[in-house]
Amino acid sequence: MPDPLAIHGGVGMTAPFAFTPTAAGELPESGFDRADRLRGDNAALDALWPDARVILLDDSGHALADATGALAAPTGRTLSQGPGGSGLAIFLGLAPDGEAWFSLDAGLVAFQAPERVDLRSAAAHWPAAHAAVFAQARALQHWHRQHRHCGACGAETAIERGGWLRRCTGCGQEHYPRTDPAVIVAISDGERLLLGRQANWPARRWSVIAGFVEPGESLEQAVAREVAEETGLHVVRCRYRASQPWPFPGQLMLGFMAEATPADPRIDDELEQARWFSFEEISHARQQALDGVDDGEGPLLSPAISISRWLIEQWWLEMRARRDAR
């Protein structure tokens with residue numbers, strides 16, 4: 001089960017996440033261009049390098065930051081002390097103003113910065129554009145470190161296409177960055193919302209159910225299976241609502257709303273507890289989160305930057321509309 005609470009925050013609302021959920025049928029606003037067309041053009045990447053911004057990540061995946069905690073992204077020219085070239089840097093893409101962005105392991109350069117910021121903190125406090133490139137860079141850094149050797153023959157792999165391909169130096173096998181799909185689902189019995197909690201979560205923290213998609217199954221089958229495995233409940237229908245990239249280290253969360261039979265949940269070893277919550281209980285928890293207070297009663301909901309919280313909000317809005325219509 002992927003941890004939908006990989007980012008822990010307070011009970012208050014945080015700044016919008018750099019990769020907020022995209023609802024079904026909607027397209028995100030155009031902006032950052034990942035520019036696949038340039039990845040195989042080394043001359044073009046080298047030409048972009050001197051004026052490009054470069055996000056530097058340390059061995060822990062933290063980004064170098066200035067004394068205020070803001071992103072410290074020097075230009076390629078600063079790092080290479082001259083025209084230089086893109087070398088081992090990963091080409092992330094082009095900002096709306098045409099500025100190129102790369103990422104690079106901080107240990108490969110002499111550039112120093114006073115602070116290090118993790119992705120969780122950046123998601124809550126940095127401008128969305130900076131947090132988004134950090135998320136992209138962090139996911140790619142993790143993939144590169146896991147694929148230094150070929151899974152087919154064991155030989156070393158070499159970086160190509162601006163960091164978006166590793167080719168085996170032995171058998172020639174091509175390896176591409178991977179994203180693991182996971183379903184995350186808000187389950188209702190028509191009046192109540194089912195939430196679960198894991199033993200290692202903060203006290204009173206609850207969230208919706210999530211799990212990885214297994215080979216050979218559809219998303220809907222994954223929803224039904226995960227809910228049955230973790231809670232013993234039978235899903236009678238589900239509908240897709242939104243998706244959210246979740247680079248901790250490399251998931252894509254696919255959000256669903258589902259209806260299940262109103263039985264008592266039976267938990268497995270993945271959950272410490274699972275139970276139904278009334279509309280009034282969720283309303284109370286939601287309002288406390290909005291107000292940034294905690295009276296010590298009731299559940300603490302998922303952080304506002306997560307798709308799990310977005311799904312809870314969607315359930316609450318649907319239930320409020322249904323009650324107002326009565």
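Numbers for the structure displayed
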quantity	calculated
Conditions (1) surrounded by fewer than 13 Cβ atoms within 10 Å (Cβ to Cβ); (2) out of contact with any helix residue (DSSP H, G or I) (no Cβ under 7 Å at 6 or more places or on another chain); (3) without any contact (Cβ under 8 Å) to a residue 24 or more places away in the chain: number failed by residue 225	(1)
Single residue of segment 171-210 satisfying the filter (farther than 28 Å from residue 297 by Cα and in a strand (DSSP E or B)) that is farthest from the chain's Cα centre (by Cα)	174
Residue identified as more than 30 Å from residue 131 (Cα to Cα), in contact with a strand residue (DSSP E or B) (Cβ under 8 Å, 6 or more places away or on another chain), among the charged types (D, E, K, R) and outside any helix (DSSP H, G or I) among 225, 266, 237	237
Pairs with Cβ under 7 Å, 6+ apart, first in segment 174-202 and open to solvent by 50 Å² or more (accessible area, probe 1.4 Å), second polar (S, T, N, Q) and assigned to a loop (DSSP other than H, G, I, E, B)	192/278
Segment 269-286 - residue that is in a loop (DSSP other than H, G, I, E, B) and touching a strand residue (DSSP E or B) at 6+ places or on another chain (Cβ under 9 Å) and, of those, most open to solvent (accessible area, probe 1.4 Å)	272
Residue count for segment 40-86, restricted to those that are assigned to a loop (DSSP other than H, G, I, E, B), open to solvent by 20 Å² or more (accessible area, probe 1.4 Å), touching an Asp or Glu at 6+ places or on another chain (Cβ under 9 Å) and under 22 Å from residue 164 (Cα atoms)	7
Contacts under 8 angstrom Cβ, first residue in segment 240-257 being outside any strand (DSSP E or B), partner acidic (Asp, Glu), 6 or more apart	248/3; 250/180
Residue among 278, 302, 283 that alone is without any contact (Cβ under 8 Å) to a residue 40 or more places away in the chain and not basic (Lys, Arg)	283
Residue within segment 142-163 that is under 26 Å from residue 35 (Cα atoms), under 24 Å from the mean Cα position of the chain (by Cα) and part of a strand (DSSP E or B) present	no
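The values are calculated or read from the model by the stated rules, or taken from the named source; none is laboratory data. For clarity, every value in this text was computed on a predicted model and none was experimentally measured. In this analysis, Cβ positions are derived from the backbone assuming ideal geometry, glycine residues included, and neighbour counts consider all displayed protein chains. With ligands, DNA and RNA removed, areas are computed over all heavy atoms of the protein, side chains included. Shrake-Rupley method; radii C 1.70, N 1.55, O 1.52, S 1.80 Å.
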